[in-house]
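J.: I have a structure here, written as structure tokens, and I will follow up with some questions on it.
Nothing in this text is a laboratory measurement; each read-out follows from the coordinates by a stated rule. If you're wondering where the values come from, they're calculated on a predicted model, not measured in any experiment. With ideal geometry, Cβ positions are generated from the backbone for all residues, glycine too; neighbour counts draw on all protein chains shown.
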Amino acid sequence: MLADQAIQWDRPRPYTLDVVVAEEDIDALNHTNNTVYVKWCERAAWQHSCSLGLDIEAYRALDRAIAIRRAEYDYIQAALLGEKLRIATWISESDGKLSMRREFQIVRLSDGVTLLRGAWQVVCIEMSSGRPRRMPPEFRDGYGAVVVSERS
């Protein structure tokens, strides 16, 4: 199994989450269903946000949240039952006002092969109305502190 520093990440300093492909992740084609990759990316993004102190309680207190405006995923190779994977995520752009870009890379730990690359365009919304709103200072400070624009 590869160590994090041995993996060819698209960008430096990823936030990572490890998963093992379980039986319920497998579809009729005997590989991980595409929707599972999306769920893993969502889980990694949410855990990253929580690690920055921006959990659901903070969102509610601020009446602000980050919502996906656009998502894209490139499925490069399939993951199979029992494989150990590492999901990496980064905030790669932020205008500090309304929108950000979050990127993902999923790597198989046995050989370092990238299985998926993805990206979200996200926007700050007011939770009570669902309308786009400027980021509060807590979002600018928390998410802004971890923007990684350079490539590895």
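J.: Checking VAL38 against (1) surrounded by 15 or more Cβ atoms within 10 Å (Cβ to Cβ); (2) closer than 18 Å to ASP10 by Cα; (3) β-branched (Val, Ile, Thr), which test does it fail?
T.: For VAL38, the failing item is (2).
J.: ILE76 versus (1) touching a residue at least 60 places away in the same chain (Cβ under 8 Å); (2) β-branched (Val, Ile, Thr); (3) touching a Leu at 6+ places or on another chain (Cβ under 8 Å): which is the lone unmet condition?
T.: (1)
J.: If a residue has to be surrounded by fewer than 21 Cβ atoms within 10 Å (Cβ to Cβ) and in a loop (DSSP other than H, G, I, E, B) to count, how many in segment 97-142 make the cut?
T.: 15
J.: Give the residues of segment 43-92 that are part of a strand (DSSP E or B) and crowded, with 16+ Cβ neighbours inside 10 Å, sorted by residue number.
T.: ARG64, ALA65, ILE66, TYR73, LEU85, ARG86, ILE87, ALA88, THR89, TRP90, ILE91, SER92
J.: From the list MET127, MET100, which one is without any contact (Cβ under 8 Å) to a residue 60 or more places away in the chain, touching a strand residue (DSSP E or B) at 6+ places or on another chain (Cβ under 7 Å), of a type outside the set (Ser, Thr, Tyr) and more than 17 Å from ARG43 (Cβ to Cβ)?
T.: Result of the check over MET127, MET100: MET100.
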